[in-house]
Every structure is written in C-alpha cells, then in structure tokens.
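Since every read-out is calculated from the coordinates, none of them should be taken as a lab result. All values reported here derive from a predicted model rather than from experimental measurement. No Cβ is skipped: glycine too gets one built from the backbone with ideal geometry, and neighbour counts run over all protein chains shown.
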Amino acid sequence: MTPYDRLTRYLNATGWLAPTDLGPAGGLWRHPHSELLLPVPNDVVEDGIDWQRLIERLALVEGEAAITDVIARIDGRTVDIANLRAANDIVISDTIPFAAGVTLVREGWTMLRASATTSLGPRPFIRHYRPAGDEIIDHARMAHTKRGSFVIPIHLPIPEPVARREEAESMLEGMEVEPPESEQRRVMRTFAESLAAIDAVAVQPEREPTSDNVHDLVRAGVSHQFASALHRVLDEDSVAEFSANFEWAPSGGPAPSGPARIEVPSSARELIKVVATKLKAPAPQRITEELTGPIIRVERHTDTDTGVVTVQAVRAGRVAHVNVNVSSGRLDEALVWMRARETVVVESRVHRTSAGLMADSRDAVTPLQTRHLI
C-alpha cells in the first residue's frame with residue numbers, strides 16, 4: 001500500500017471529507033467539524049517535505065496527539081494510547097527536573113503493570129504480579145515525549161476484534177451483540193478506570209475513603225501498588241499535577257465510556273497515600289461474587305418482555321461470559337449500557353448451567369460508574 005493510500009484510508013476512517021474533484025496534482029480534504037482544509041498531493045512521498053507537513057497538521061488538528069501517534073495510526077498499527085503527563089509550576093524550555101522525569105517513567109510502568117494484574121481479577125495488594133498480565137504488556141511501547149509539560153505516550157497494541165461465529169449467526173429478533181473486549185483493551189481500560197476511581201472517591205470529595213469506598217476502588221481495579229506509584233509521582237517537588245488522557249483505537253472495538261482525561265493535583269498526595277495504606281489491609285470476605293466488564297449481548301424474550309444480558313468478565317483469571325436474567329426495565333437499560341460500552345458490575349453468586357455461567361440473582365447488573373465511581 002502506497003503512502004497516499006495509507007493516508008487517505010486514515011482520513012476516511014477519521015471522518016475527513018474526500019475532495020469532490022481530484023485534480024492532476026491532488027485534492028483538498030475537508031475537516032468534518034471545521035473549515036480546515038488539507039491539501040493531499042497524489043504523489044506524496046513518505047518522509048518527504050509534504051508528508052511531514054501533512055502529519056504535523058493532522059497532529060495539530062487532533063489536539064494533543066503526537067506526530068508518532070498519528071504515524072502509528074496511518075501505518076495501520078492499532079494501538080490504545082495513554083498519555084501520562086507531569087505538569088510543573090515552572091517549565092524551562094519544555095523540560096522538568098531529570099529526577100521527576102525518571103519517576104514518571106518508572107511509576108507509569110508500575111501503574112500499567114498493576115493494571116494488567118488487576119484486569120485479571122481485583123487485588124487490593126499485589127504480592128505477585130500475574131504472569132499472564134505481564135505477557136499482555138510485554139508489547140507496550142513508549143513513544144517520543146511531547147512538548148510542553150512532560151508527557152510520555154504509552155502505546156499498547158490492540159488486536160482488531162474478530163466476530164465469533166455465534167455472534168455472526170445470532171442476529172435474531174430481539175437480540176443485539178457487540179464485539180468482545182480484547183485483553184489488551186481491558187488492561188488499558190482498567191488503568192483509566194483506576195485513576196477515575198481514585199479521583200471520584202478521594203480527590204474530588206477531599207476526604208479519606210471509608211471501607212465501602214475502598215471496596216469501590218478495588219472493584220474498579222485499584223491496588224496498593226497502583227496508588228503508591230501515583231503518590232510517588234505527586235510527591236516530586238517539581239510536579240504540580242499528574243494527568244493522563246486515553247486514546248482508544250477505533251479499529252480495536254467500541255471505546256470504553258469512562259472519562260478520556262483524569263487530572264490529579266499534587267495537593268491530593270496525602271489522601272492518595274492514605275488510600276495506598278488502606279489497600280494494604282486484608283479485604284473482608286464477601287458472599288457474592290463481583291465481576292466487571294462490558295455487556296456483549298442483550299436478548300429479549302418476546303413472549304414475556306424480559307431477557308438475558310451477557311457480560312464479558314474475568315473469573316478466576318480467565319475470560320468468562322456471565323448471563324444475567326433481567327426484568328423488562330433493566331433490559332432496556334442494559335441495551336443503552338451496551339451501546340455506550342459502559343463497564344458494568346455483576347454482583348451475585350454464579351453457577352454453571354448447560355447454557356454457560358448464570359447469575360443466581362435477577363437484575364444483578366449495574367454500571368460501574370453508579371457505584372460511587374467515575
């Protein structure tokens with residue numbers, strides 16, 4: 001595929017409007033939400049002057065996107081991106097103290113690794129990182145830092161979703177399905193939801209979390225190791241704020257519904273230290289299971305107007321599809337949650353049937369964000 005083909009494929013995929021009349025030298029592409037025009041030569045050469053200017057302009061249009069991020073997408077590399085940012089009060093020639101930069105890189109890796117482990121099941125305190133989680137993030141890459149306050153982009157390759165045979169053949173009346181979530185996307189989603197949970201439970205209320213709040217954090221994927229790493233970044237004298245914004249690869253499946261950007265000021269570092277300390281305490285045993293993930297299937301029973309919701313979760317470290325019987329009202333809500341790619345919680349005992357895993361409790365599915373989170 002030529003550079004021109006790759007570039008125009010990307011422009012089409014991101015909503016740019018193709019030129020109505022293509023001249024002998026090229027054509028003008030129109031941005032869908034502004035009056036911006038992008039002149040694209042027919043004979044654009046990769047690494048040439050025109051190519052570089054086109055990439056720079058696309059990066060500018062896409063806000064905080066780095067040139068390396070745009071190139072990755074044009075090249076067809078499907079990656080989710082976490083841009084970790086350490087803002088400081090005094091920026092000197094787009095730099096921060098070397099020690100603070102090292103801390104951001106080291107603790108950013110710790111947060112990603114902790115998220116990979118808790119994406120396979122909640123753990124308030126990680127005694128041993130899960131090898132399966134480490135294998136997922138072995139392919140994570142660090143792109144070039146961005147100008148301004150110190151920003152490190154983390155790229156995690158995401159496989160394109162493959163439709164399962166039963167999904168392709170099950171488009172029956174009263175049934176809707178969504179692609180399953182990849183294990184890589186689950187890791188990055190856990191990273192984002194962990195930060196959002198800390199912000200909602202401790203930072204925004206400006207108070208120490210209760211035991212119920214701590215359980216909410218664990219449910220979202222927060223661990224002692226994650227919170228401690230965040231505290232160490234904020235404890236740097238030169239860091240006034242830590243933030244992360246997440247970019248979800250469109251071809252990697254529906255994007256999670258959580259916030260794309262989370263900001264945590266350094267003034268919250270003592271609260272986050274308290275959170276990390278409380279996560280070291282033994283977690284109370286609970287009778288019901290709590291499984292989280294996206295809804296991938298909604299089936300309506302036309303004779304009763306009730307139905308079944310299927311949630312893709314992780315149980316005992318393995319991907320599991322859990323079915324929940326729901327009433328008419330909850331079924332309508334679940335359809336909205338599925339289309340919005342909400343992360344939901346199944347809170348119930350679960351037993352195995354001939355049709356797969358089934359929750360004992362009816363209507364035992366609710367959005368994670370309504371549980372005092374995000």
- [ ] Mind telling me which of 181, 206, 347 comes out most flexible in a GNM of the chain, alpha-carbon contacts under 10 Å?
- [x] 206
Open item on the list: Quick one: 3J(HN,Hα) in Hz for segment 107-113, Karplus 6.51/-1.76/1.60 with θ = phi - 60°, rounded, Gly and Pro as x.
Closed with: 6, x, 5, 4, 5, 5, 5
Task: Residue-span extension gain [residue 288 to residue 212] - 0.36 nm each, minus C-alpha spacing - done: 25.8 nm
TODO: Between residue 135 and residue 102, with labels modelled 7 Å along Cα→Cβ, what's the label distance in nm to one decimal, could you check?
DONE: 3.4 nm
Open item on the list: I need the shape label for segment 198-296. Rule: rounded when a/c is under 1.5, else prolate if a/b > b/c, else oblate, with a, b, c from the alpha carbon gyration tensor.
Closed with: oblate
Open item on the list: Can you give me the distance in nm between label points at residue 5 and residue 274, each placed 7 Å from the Cα along the Cα-to-Cβ direction?
Closed with: 6.0 nm
TODO: Assuming 1.306 mPa s and 10 °C, estimate D for the chain with Stokes-Einstein, Rh taken as the Kirkwood radius over Cα pairs, in µm²/s.
DONE: 71 µm²/s
TODO: Find how much the distance from residue 36 to residue 353 grows on full extension, using 0.36 nm per residue of separation minus their present alpha carbon separation; answer in nm with one decimal.
DONE: 108.5 nm
Task: Percent RCO, i.e. relative contact order, over the chain, from Cα pairs under 8 Å lying at least 6 residues apart - done: 16 percent
Open item on the list: Looking at the chain only, what percent of DSSP beta bridges run antiparallel? Nearest 5 please.
Closed with: 95 percent
Open item on the list: Could you work out how much longer the chain between residue 18 and residue 251 gets when fully extended? Use 0.36 nm per residue separation minus the Cα distance between them, nm to one decimal.
Closed with: 81.9 nm
- [ ] Quote the relative contact order of segment 298-374 in percent (integer), defining contacts as alpha-carbon pairs under 8 Å separated by 6+ residues.
- [x] 27 percent
